[in-house]
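Novice: Let me begin by handing over the structure; questions about it come next.
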Amino acid sequence: MAKKESTTKSFVLRIDAATMDALEKWAADEFRSINGQLQWIIADALRRSGRMKKPINDNKDYEKDTANQ
């Protein structure tokens, strides 16, 4: 059976305890896993900096999230 290629990549991240605690609280406040929260933070930063275009299926969520800031 052929191995299916994944569209995601894994990596190890070392983070200090205070930052991890804040991240866990933020993720819980938004009903996300820590991994999901990190993915959202990174994607949002990339979009804001112009380094990544807004995905077509995320435009409404992105606009809603940025309108509240």
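Novice: Is one or more of the residues making up segment 44-56 at pLDDT 95 or above, assigned to a helix (DSSP H, G or I) and among the small types (Gly, Ala, Ser)?
Specialist: So far as segment 44-56 goes, yes, one or more of its residues are at pLDDT 95 or above, assigned to a helix (DSSP H, G or I) and among the small types (Gly, Ala, Ser).
Novice: Only residues that are of a type outside the set (A, V, I, L, M) and either touching a residue at least 12 places away in the same chain (Cβ under 8 Å) or within 16 Å of residue 13 (Cα to Cα) (or both): list them for segment 28-47, please.
Specialist: Correct list: 33, 35, 36, 37, 39, 40, 44, 47.
Novice: Follow-up question, since we're still on this one. In segment 28-59, how many residues are open to solvent by 60 Å² or more (accessible area, probe 1.4 Å), among the small types (Gly, Ala, Ser) and in contact with a helix residue (DSSP H, G or I) (Cβ under 8 Å, 6 or more places away or on another chain)?
Specialist: Qualifying residue count for the region: 1.
Novice: Restricting the search to segment 1-43, which residues are among the charged types (D, E, K, R), under 14 Å from the mean Cα position of the chain (by Cα) and modelled with pLDDT under 95?
Specialist: 9
Novice: Hey, can you tell me all the residues within segment 3-27 that are of a type in the set (S, T, N, Q) and open to solvent by less than 100 Å² (accessible area, probe 1.4 Å)?
Specialist: Once the filter is applied, which keeps residues that are of a type in the set (S, T, N, Q) and open to solvent by less than 100 Å² (accessible area, probe 1.4 Å), segment 3-27 yields 6, 8, 19.
The values are calculated or read from the model by the stated rules, or taken from the named source; none is laboratory data. From a predicted model like this one, the values you see are computed outputs, not experimental measurements. FYI the Cβ positions are ideal-geometry reconstructions off the backbone, even for glycines, and counts take in every protein chain you see. Accessible surface is based on the protein model in full, side chains and every heavy atom, while ligands, DNA and RNA are left aside. Shrake-Rupley method; radii C 1.70, N 1.55, O 1.52, S 1.80 Å.
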